[in-house]
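Throughout, read-outs are computed from the coordinates displayed, never taken from laboratory work. Small disclaimer: the values here were computed from a predicted structure and weren't measured. Neighbour counts are summed over all protein chains in view; Cβ atoms, including those assigned to glycine, are modelled from backbone coordinates with ideal geometry.
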Amino acid sequence: MSVKSNTVKTVNTVLGPLPAEELGVVAVHEALLSVVPGAEHAFDITIDRAEIFEILAAKLKDFRAHGGGTVVDSTGMFHGRDVRLYESLSRTTGVHIIASTGQGPEELLGGYFLTPQTNPPTPWPAEKFAALFSQEVTEGMVVPRVERRGPAGLVATVATRDGMTATDESLFRGAARAALSTGVAVSLRYGSDAVHDLGVVLDEKLPADRVVVGGLDRKDAVAAGAALEIARRGAYVALDHVGVEDETHITDAERAALVADLVRCGFGDRILLSGGATGVAKGHTGNDLPYSYVLTSFVPLLKAQGIGDEDTRRILVDNPRDLLSVR
């Protein structure tokens, strides 16, 4: 399966490589079917594929009706990713779907990804994670141990909330190496220090413009000025909880002001937006937000901040297109 192109820039979707110019408005950090690992075996959880399809199809059609073009499922390998389902959804709704490889944080890894012969068990080395993730890009994503389908379009990984562990670091370095070898980008959600965690993947010589750091609308990141520092280093800044206002995250009004500040500082080409919505959640509550929320409810707040159509298009269309293009 060929995923690189020296002529027309392409993006890996679940239906195969797509010209990057066809993505349209992109929701960069979302979840389609999100299942806590093991929840599918719980006695009180039912996974009805037909029902799930109908729910997700309705949400994707709503997204398209409001001007959306592409949804990125950034949940990685073992959190409910269903490539066949996503293929059918994309064909039915006309929304392009980009699925991801990758894992994390450590607490959600199975014992298979640790080396039990040591005491305490040690994590897989970075090169093993790199090989695992790279294969999902170059040969296609695994459909439960049976076959491979379309190529992953992104390597997504997450650090432990209290701070990056040794296993998390191995995951991040493996993600960076996979990105270097395959040409896709890395999406990372930081643990306790966004700038530090970005530094780990940059230490692997991955260019900063191949990385998006998510969660930068968390209050701790805003207090630390992380978004501006990460943009200065050349990585993409994702405010990916738009619509979520709680004890952990800033409000939408504050998000809009942060976007305006970044634009005024010359970093309009480094901003990405998403709602972190969960289409269908099993084993957890999820985030029941429309995929269209950024378009319907947040863009008006940007306009109120003086963000014009050109900058809005750059943030919603051009920036994600450039990040997701295979290089």
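The table below lists the values:
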| quantity | calculated |
| --- | --- |
| Range in the chain, longest, excluding exposed GluC sites (Glu not before Pro) [loop by DSSP; at most 16 other beta-carbon atoms within 10 Å] | 1-138 |
| Pairwise label distance in nanometres, Ala58 with Leu108, each label 7 Å out on the Cα-Cβ vector | 2.6 |
| Structure-based [θ]222 nm, the chain - -39500 (n - 2.57) summed over DSSP H runs of at least 4, per residue, nearest 500 | -10000 deg cm²/dmol |
| Region 55-98-region 161-190 distance, computed between alpha-carbon centres (Å) | 24 |
| Amide H within-cut-off set for Ile271, under 5 Å, with H built and near neighbours excluded | Val237 |
| The chain - percent relative contact order, Cα under 8 Å, separation 6 or more | 22 |
| Percent of beta bridges antiparallel (DSSP, region 24-324, rounded to nearest 5) | 15 |
| The chain, dipole about Cα centre (Lys/Arg Cβ +1, Asp/Glu Cβ -1), debye to the nearest 20 | 940 |
| Inter-probe distance in nm under a simple model that places probes 7 Å from Cα toward Cβ, at Thr296 and Glu139 | 4.3 |
| Long-range HN-HN contacts of Thr165 with modeled amide H, under 5 Å | Thr160 |
| Full-stretch length increase - Ala131, Glu21 - with 0.36 nm per residue and alpha-carbon distance subtracted | 36.7 nm |
